[in-house]
Amino acid sequence: MQKKIVWLALAFILTNALHLKAQYAASDSTHKRWFVGSSLFVLLGNTDTKNPPHFVQLNIGYRITGKDVFTIEPKTWKYAWPNGIHPFLNDAYKKPEEKFPGYVREFGISLSYQRFFHKGLYAELNVMPTLQNFYNEQNKKIDNGFQIFNTYRVGYHIKLFKDRVFIQPSLAITHRAYHTRLPDGFKQLDDKWSKFIFGEPGFHFGINL
């Protein structure tokens with residue numbers, strides 16, 4: 001049910017986005033330069049009782065121009081199923097036989113660049129190096145790792161409340177571009193799945209400063 005709600009909400013917002021105020025004109029020098037925000041999935045994901053991510057994310061962004069935006073995103077989360085399983089479209093997600101013999105806790109800082117093309121439509125490249133801690137089912141740390149996790153995103157920027165806040169519904173391709181060897185038990189399950197996930201929904205929000 002939660003999956004259906006997310007997809008329906010994204011479809012509704014994207015359908016109506018063109019009727020709302022969008023991104024800033026390239027020649028507009030009066031727009032707010034700085035903003036802070038996060039992801040709606042920080043709130044939704046942390047309500048999950050089966051695979052709670054204990055997800056924390058803070059977005060700190062700067063608009064160089066009305067069309068060029070850089071953001072830094074410190075974040076941390078944990079997961080117990082391989083990242084290659086689509087969390088919304090693949091029934092293997094959360095199946096007991098696909099679960100790691102423990103979980104992974106990651107700490108990362110994303111660097112992203114957004115380029116706006118038409119009104120609020122944008123493309124984004126997000127590169128995130130992360131440190132990984134591997135824990136067994138007894139909650140004991142067994143190994144460390146490192147990963148580079150990329151996100152290729154297309155979305156729409158929507159201004160709300162006289163541009164005090166904004167939302168950005170999006171769809172993304174995620175790519176585990178590099179990671180060190182996973183511990184035994186984790187590796188065998190992870191190797192079964194692609195390094196890419198296509199069509200992962202996103203929903204960022206922010207406050208202009």
**Request:** Filter the range 128-148 for residues that are farther than 30 Å from T71 by Cα and surrounded by 17 or more Cβ atoms within 10 Å (Cβ to Cβ) and give the result.
**Result:** Y135, D143
**Message:** Please go through (1) surrounded by fewer than 19 Cβ atoms within 10 Å (Cβ to Cβ); (2) at pLDDT below 95; (3) touching a strand residue (DSSP E or B) at 6+ places or on another chain (Cβ under 8 Å) for N90 and return the number of the only condition it doesn't satisfy.
**Reply:** (3)
**Prompt:** All but one of (1) touching a residue at least 24 places away in the same chain (Cβ under 8 Å); (2) closer than 26 Å to I207 by Cα hold for A177; which doesn't?
**Reply:** (2)
**Request:** Give K32, K21 a once-over and let me know the one that is over 22 Å from S112 (Cβ atoms), of a type in the set (K, R), part of a loop (DSSP other than H, G, I, E, B) and modelled with pLDDT under 90.
**Result:** K21
**Given (1) touching a residue at least 60 places away in the same chain (Cβ under 8 Å); (2) closer than 19 Å to W81 by Cα; (3) surrounded by fewer than 17 Cβ atoms within 10 Å (Cβ to Cβ), index of the condition W193 fails** = (3)
**Message:** Can you say whether G45 is at pLDDT 95 or above, under 21 Å from the mean Cα position of the chain (by Cα) and surrounded by 15 or more Cβ atoms within 10 Å (Cβ to Cβ), as far as the supplied structure shows?
**Reply:** no
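Every residue, every condition in (1) within 30 Å of P101 (Cα to Cα); (2) surrounded by 19 or more Cβ atoms within 10 Å (Cβ to Cβ), yes or no:
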position: T151; (1), (2): yes, yes
position: K159; (1), (2): no, no
position: K162; (1), (2): no, no
position: I167; (1), (2): no, yes
position: L171; (1), (2): no, no
position: L182; (1), (2): yes, yes
position: F186; (1), (2): yes, yes
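Every residue, every condition in (1) at pLDDT below 95; (2) more than 12 Å from the chain's Cα centre (by Cα); (3) polar (S, T, N, Q); (4) assigned to a strand (DSSP E or B), yes or no:
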{"site": "N150", "(1), (2), (3), (4)": "no, no, yes, yes"}
{"site": "D163", "(1), (2), (3), (4)": "yes, yes, no, no"}
{"site": "I167", "(1), (2), (3), (4)": "no, yes, no, yes"}
{"site": "Y178", "(1), (2), (3), (4)": "no, yes, no, yes"}
{"site": "Q188", "(1), (2), (3), (4)": "no, yes, yes, no"}
{"site": "S194", "(1), (2), (3), (4)": "no, yes, yes, no"}
**Asked** Which residue pairs have Cβ atoms under 7 Å apart, sit 6 or more places apart or on different chains, and have a first residue in the range 59-80 that is polar (S, T, N, Q) and a second that is loosely packed, with under 15 Cβ neighbours inside 10 Å?
**Response** N59/V36; T65/A26; T76/V56; T76/F107
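Take the residues in the range 90-100 that are farther than 13 Å from N51 by Cα and part of a loop (DSSP other than H, G, I, E, B), then tell me which one is nearest to the chain's Cα centre (by Cα).
Only one residue fits best here, namely N90.
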**Asked** Can you tell which of F100, F107 is on the phi < 0 side of the Ramachandran plot and touching a helix residue (DSSP H, G or I) at 6+ places or on another chain (Cβ under 6 Å)?
**Response** F100
**Check on P87, in contact with a Leu (Cβ under 6 Å, 6 or more places away or on another chain) and either assigned to a loop (DSSP other than H, G, I, E, B) or not polar (S, T, N, Q) (or both)** = no
**Request:** Among the residues of the range 49-84, count how many are in a loop (DSSP other than H, G, I, E, B), of a type in the set (D, E, K, R) and surrounded by 14 or more Cβ atoms within 10 Å (Cβ to Cβ).
**Result:** 1
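The values are calculated or read from the model by the stated rules, or taken from the named source; none is laboratory data. Remember, it's a predicted structure, so these values are computed and weren't measured experimentally. Cβ: placed from backbone, ideal geometry, glycine included. Neighbour counts: every protein chain shown.
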